[in-house]
Amino acid sequence: MRKIAVYGKGGIGKSTLTSSLAAAVASMGYKVVQIGCDPKADSTLNLTGGKETVPVIEYLRQHGGCDSLDEIVTWGYKNIACFEAGGPTPGTGCAGRGIVTTFELLDDLEMFETYDPDFVFYDVLGDVVCGGFAMPIRKGYAEEVIIVTSGEKMALFAASNIRMAVENYQQRNYAKMLGVILNKRNVENEEELINDFVQRADTELLGVVPRDKNIQIYEDRCQTVIEGDPDLEISKKIMEIAGRIVAGGKAGGTAVPGEDT
Amino acid sequence: MQVLLENLPQYLKENKKRLNSKDALHYCPPCGGGWGVVKTAVQVPEVQVLFVIPIGCGRHGAIAAMKDGTDSRIHYLLMEEVDLVSGDHLEKTEAAVRELVEETEAKGLILFTTCIDDLLGSDFEGLIEKMEEELQIPISRGKMNPILSETPRAPDIMVHNTAYNFLRERGQEESAVNLVGCLSPVTSDSELFDFLESGGIREVRHMGNCSNFDEFLSMADSRVNLLIRAPGKRACRDMERAIGLPWIDLPASFLPEKIDEGYKNLSLLGDFSYDTGALKREAEEAIREIRPLTAGRTAVLGKTVNADSFDLALFLHRLGFQLKYVLAAAVKDHEQEAMEILRTKRPDLPVIPHLDPALALRQENSEEVDFGFGLDTAVYFRPRKLVLLPFETSLFGYRGILALLESIRSAEPFSGSVKDLVYNANLVI
């Protein structure tokens with residue numbers, strides 16, 4: 001079982017990319033679980049055709065407890081098991097604790113043992129801001145981390161921050177960096193900026209996702225491009241990246257200006 | 001609010017398994033203390049305990065420890081706001097652990113954190129791993145986090161995990177078993193020991209009876225864990241996963257058919273020559289003999305009694321008591337059957353959640369009853385006779401029934417200060 005946490009600056013395209021990668025890996029025949037770690041609870045919408053997954057925190061608010069995985073799972077594309085942590089409304093409560101509560105509940109309900117997935121993807125909100133949001137990269141959860149970034153300054157700053165947190169935790173034998181995915185914004189010298197970051201971060205470039213309108217088109221239909229049309233160039237690109245992830249992140253290469261790796 | 005037994009399942013459905021509604025006001029009972037996480041944790045011999053806490057949380061446990069005489073093993077690292085917000089308290093904890101281990105030469109350490117670190121998601125697991133490697137002593141995390149009281153990870157459940165987390169390497173001692181889940185050891189005159197001995201079990205271990213840390217660690221070598229009370233179940237499951245130590249459910253009960261069932265389950269372990277039949281007949285005879293004393297007498301069953309509420313309630317009903325109220329916290333899984341039987345016989349029986357704010361309105365000189373079972377009944381009612389089950393030991397089996405019946409028979413008319421009684425029993429905190 002491989003457990004991979006996906007981090008990156010808010011709005012960088014983590015959820016879109018995570019669910020696309022989950023779909024890609026599932027379409028290769030693997031059993032996949034995706035866990036959305038975000039109070040917005042929107043991580044898995046593209047896998048479930050828009051059907052909302054009952055967020056764990058919302059379920060616990062209503063029922064006081066949860067005795068069965070069936071109450072909080074939604075089955076998505078290619079039988080991907082979709083969970084959403086959910087969390088408080090903006091301005092209240094503690095979203096980080098919501099993630100801890102969700103993980104503890106999934107442990108209590110023996111999710112890993114029951115579903116025995118090949119891949120688990122944790123789609124984690126924004127930056128690593130407190131203990132709760134770092135939960136996915138702690139012992140027993142994700143063993144690998146992917147950072148999604150663009151070449152924009154603030155995105156790279158956030159990526160660097162996340163890299164620092166992972167490095168701190170690596171000293172405790174927690175999750176290690178699997179690599180970086182460039183989700184292009186077509187800023188100037190984007191490839192050079194990413195190559196520089198990857199080198200400084202001593203990690204791999206897993207792939208480059210070009211801007212493609214089809215992502216938006218299929219997202220409006222609550223689908224990933226993998227499900228929508230696997231023959232699209234963007235779908236093939238994502239399948240390639242998924243292939244690298246499945247292979248353990250090898251042969252990442254570098255981003256080439258004007259070409260998509 | 002009190003709930004009639006006939007409506008209890010619906011009430012529980014709305015509130016999960018705990019009787020006190022999460023959406024209502026709660027009451028802090030004057031005898032809500034006793035076996036807290038502190039008292040339980042220090043049962044592990046020769047370990048030191050470090051609390052990483054804000055000062056308010058620490059005071060409560062400190063007073064309890066002073067009253068129990070265990071305060072010399074309990075230490076505090078007090079945190080302030082900036083420590084928590086910055087995460088500096090983790091580094092300070094490392095320094096405190098080093099200092100404590102060096103000064104006390106501790107064999108083991110229990111590191112307690114509070115609701116605050118639950119909310120922060122602080123990585124104490126990583127800290128503990130690092131300190132264990134550095135200091136070469138086992139460290140177990142404890143949580144004093146009543147914020148999770150209504151969940152499967154309630155502190156009274158997880159404290160068993162905290163204690164048994166020290167058992168990490170398994171040996172093989174076929175002639176030893178452990179008693180788990182009961183905070184106080186089973187009374188030494190219980191036939192359970194005779195029964196086990198008849199099958200070659202020469203040693204019955206309970207953490208409260210271990211005189212030193214090594215003896216406690218030897219519990220990992222035992223053949224099987226016998227789960228006497230439900231709060232230990234999670235720890236049993238985790239020990240089975242972690243070190244392959246199997247467990248058998250052997251709930252303490254006052255119902256002869258449940259006791260029978262327990263010994264039958266135990267017989268799966270091997271050949272036991274002890275015949276419980278004679279003792280069972282003795283208990284049944286004693287039940288018949290006490291009826292003139294109990295039949296038609298009014299009684300209230302309190303929450304503080306050292307027994308499972310609905311199991312004991314059914315037993316008291318069978319003795320002929322006219323139960324007026326049952327104060328309880330939850331309906332445990334293995335009590336469901338007893339509760340259902342009682343429900344068919346006494347659908348009108350009021351069950352009061354022990355944190356119900358209505359209890360605050362009951363004064364000492366309120367409703368009179370013939371018998372009160374448990375110290376809290378003297379707080380809320382006026383029992384003519386008060387029956388107290390032992391607190392520092394646990395009744396088990398047919399001799400448990402006989403001991404209970406003797407307590408009923410010998411109960412004296414109750415007079416004196418309820419407040420003194422509660423304080424002297426160390427039940428306030």
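Only the coordinates and a few stated rules stand behind these numbers; no lab work does. The structure displayed is predicted, hence computed values, not measured ones. With ideal geometry, Cβ positions are generated from the backbone for all residues, glycine too; neighbour counts draw on all protein chains shown.
Please list 3J(HN,Hα) in residue order for the stretch A:133-143, calculated via the Karplus relation 6.51 cos²θ - 1.76 cosθ + 1.60 where θ = phi - 60°; whole Hz, with x for glycine and proline.
So the Karplus estimates, Gly and Pro as x, are 6, 8, 3, x, 9, 9, 4, x, 10, 4, 9 Hz.
Among A:V25, A:I137, A:T48, whose Cα lies farthest out toward the positive end of the dipole of the stretch A:2-246, if unit charges sit on the beta carbon of Lys, Arg (+1) and Asp, Glu (-1)?
Of the candidates, A:I137 comes out farthest on the positive side.
Would you grab the residues whose amide H sits under 5 Å from the one on A:E84? Only those 5+ places off in sequence or on another chain, please, with H modelled 1.01 Å from N.
Residues meeting the amide H criterion: A:G36, A:V56.
What does the helix-only formula give at 222 nm for the protein assembly as shown: each DSSP H stretch with n ≥ 4 adding -39500 (n - 2.57), the total divided by the residues, and the result rounded to the nearest 500 deg cm²/dmol?
Mean residue ellipticity, 222 nm, calculated: -11500 deg cm²/dmol.
Between rounded, prolate and oblate, where does the protein assembly as shown land on the alpha carbon gyration tensor, with a ≥ b ≥ c its root eigenvalues, rounded for a/c under 1.5, else prolate if a/b exceeds b/c?
Because a/c hits 1.5 or more and a/b exceeds b/c, the protein assembly as shown counts as prolate.
Please compute the average number of Cβ atoms from other chains found within 10 Å of each residue's Cβ in peptide A:44-55.
Numbers: counts 0, 0, 0, 0, 0, 0, 0, 0, 0, 0, 0, 0.
Average per residue, whole number: 0.
Between B:K13 and A:V246, what FRET efficiency follows from the Cβ-Cβ distance if R0 is 51 Å, with the result rounded to 0.05?
Working: r = 45 Å, r/R0 = 0.88.
Efficiency, from the Cβ-Cβ distance: 0.70.
Angle between the Cα long axis of helix A:14-27 and the longest principal axis of chain A, 0 to 90 degrees, nearest 10?
Relative to chain A, helix A:14-27 is tipped by roughly 90 degrees.
Note down the magnitude of the dipole of the stretch B:177-319 about its Cα centre, charges +1 on Lys and Arg C-beta and -1 on Asp and Glu C-beta and zero elsewhere, to the nearest 20 debye. Before the final figure, lay out the partial values.
On the way: 17 positive and 22 negative charges, 132 e Å.
My answer is approximately 640 debye.
Only sites in a loop by DSSP and with at most 15 other Cβ atoms within 10 Å count here; which GluC sites (Glu not before Pro) in the stretch B:40-88 make the cut? Provide the component values of the computation, followed by the final result.
Working: sites: B:E46, B:E80, B:E81; in loops: B:E46, B:E80.
The qualifying sites are B:E80.
First select every other residue whose beta carbon is under 14 angstrom from the beta carbon of B:L395; then total the charges, Lys and Arg +1, Asp and Glu -1. Before the final figure, lay out each step's value.
Details: positive: B:R229, B:K258, B:R399; negative: B:D189, B:E191, B:D308, B:D311, B:E392, B:E406.
Overall, the nearby charge balance is -3.
Among A:M28, B:M79, which comes first, second and so on when ranked by fewest other beta-carbon atoms within 10 Å?
Numbers: A:M28 14, B:M79 23.
The fewest-first ordering by Cβ neighbours comes to A:M28, B:M79.
Given labels modelled 7 Å from the Cα in the Cβ direction, how far is it in nm from B:D189 to B:E337?
Each label point lies 7 Å from its Cα, and together they span 2.9 nm.
At 0.36 nm per residue, and after removing the present C-alpha to C-alpha distance, how many nm does the segment from B:L268 to B:L135 gain when stretched out fully? Intermediate results must be reported in sequence, preceding the final value.
On the way: separation 133, 0.36 × 133 = 47.88 nm, distance 4.27 nm.
Stretched fully, the B:L268-B:L135 segment lengthens by 43.6 nm.
DSSP beta bridges in the protein assembly as shown, what fraction antiparallel, as a percent rounded to 5? Working shown, then result.
Details: 6 of 79 bridges.
The antiparallel fraction comes to roughly 10 percent.
Give me B:D214, B:D238 ranked fewest to most by other Cβ atoms within 10 Å of their Cβ, as a rough exposure proxy. Spell out each step's value before the answer.
Values: B:D214 11, B:D238 15.
Fewest-to-most Cβ neighbours within 10 Å comes out as B:D214, B:D238.
Got the relative contact order for the stretch B:258-335 handy, in percent, Cα pairs under 8 Å and 6 or more residues apart?
Details: 58 pairs, mean separation 22.4, N = 78.
Over the stretch B:258-335, the number comes to 29 percent.
What is the sum of charges around B:P246, taking Lys and Arg as +1, Asp and Glu as -1, for the other residues whose C-beta is under 9 Å from the C-beta of B:P246?
Numbers: positive: B:R223; negative: B:E240.
Residues close to B:P246 contribute a combined charge of 0.
Rounded, prolate or oblate: pick one for chain A, where a ≥ b ≥ c are the square roots of the eigenvalues of its C-alpha gyration tensor, a/c under 1.5 means rounded, and failing that, prolate if a/b is larger than b/c, else oblate. It would help to have the intermediate numbers written out before the result.
On the way: a/c = 1.65, a/b = 1.33, b/c = 1.24.
Here chain A falls in the prolate category.
So what is the relative contact order for chain A, in percent, with contacts set as C-alpha pairs under 8 Å and at least six apart? Could you put the intermediate results ahead of the total?
Numbers: 552 pairs, mean separation 62.4, N = 261.
Averaging sequence separation for qualifying contacts and normalising by length gives 24 percent for chain A.
Using a simple charge model, +1 on the beta-carbon of Lys and Arg, -1 on the beta-carbon of Asp and Glu, nothing else, what dipole does the protein assembly as shown show about its Cα centre, in debye to the nearest 20?
Working: 73 positive and 104 negative charges, 298 e Å.
Computed about the Cα centre, the dipole is about 1440 debye.
So in chain B, what percent of DSSP beta bridges are antiparallel if you round to the nearest 5?
On the way: 4 of 47 bridges.
For chain B, the DSSP antiparallel bridge percentage is about 10.
Under the classification rounded if a/c is under 1.5, otherwise prolate if a/b is larger than b/c and oblate if not, where does the stretch B:173-269 fall, given a ≥ b ≥ c as square roots of the Cα gyration tensor eigenvalues? Present the calculation step by step, with values, prior to reporting the outcome.
Details: a/c = 1.44, a/b = 1.30, b/c = 1.11.
Cα axes put the stretch B:173-269 in the rounded bin.
Among DSSP beta bridges whose residues both lie in the stretch A:2-246, state the antiparallel percentage, nearest 5. The partial results should precede the final answer.
Values: 2 of 32 bridges.
Roughly 5 percent of the DSSP beta bridges within the stretch A:2-246 come out antiparallel.
Quick one: net charge of B:E197's neighbours, Cβ under 12 Å, K/R +1, D/E -1?
On the way: positive: B:R202; negative: B:E191, B:D194, B:E203.
So the surrounding residues net to -2.
Contact order normalised by length for the stretch B:37-154, with contacts defined as Cα pairs under 8 Å and 6 or more residues apart; what percent is it?
Values: 145 pairs, mean separation 33.3, N = 118.
The normalised contact order for the stretch B:37-154 reaches 28 percent.
Evaluate peptide A:101-107: per residue, the Cβ atoms of other protein chains within 10 Å of its Cβ; return the mean as an integer. List each step's numbers first, then the result.
Working: counts 5, 0, 1, 5, 3, 0, 1.
Per residue, the average neighbour count from other chains is 2.
Check which residues have an amide H placed less than 5 Å from B:D370's amide H, if you skip close sequence neighbours.
So B:D370 has HN proximity to B:T298, B:A299, B:R384.
Within the stretch A:1-80, which GluC sites (Glu not before Pro) sit in a loop by DSSP and count at most 16 neighbouring Cβ atoms inside 10 Å? Please report the intermediate quantities before stating the final value.
Numbers: sites: A:E52, A:E58, A:E71; in loops: A:E52.
Within the stretch A:1-80, the qualifying GluC sites (Glu not before Pro) (loop, at most 16 other Cβ atoms within 10 Å) are A:E52.
So for the protein assembly as shown, taking the charge dipole from beta-carbon charges (+1 Lys/Arg, -1 Asp/Glu), which of B:I287, A:V120, B:I243 sits furthest toward the positive end?
Selected residue: B:I287.
Which of A:E188, B:E340, B:E173 comes first, and how do the rest follow, when ranked by fewest Cβ neighbours within 10 Å?
On the way: A:E188 7, B:E340 14, B:E173 17.
Listed from fewest to most nearby Cβ atoms, that is A:E188, B:E340, B:E173.
About its Cα centre, what dipole magnitude does chain A give when the only charges are +1 on Lys and Arg Cβ and -1 on Asp and Glu Cβ, stated in debye to the nearest 20? Walk me through the intermediate numbers first.
On the way: 26 positive and 38 negative charges, 92 e Å.
Using Cβ point charges on Lys, Arg, Asp and Glu, chain A gives about 440 debye.
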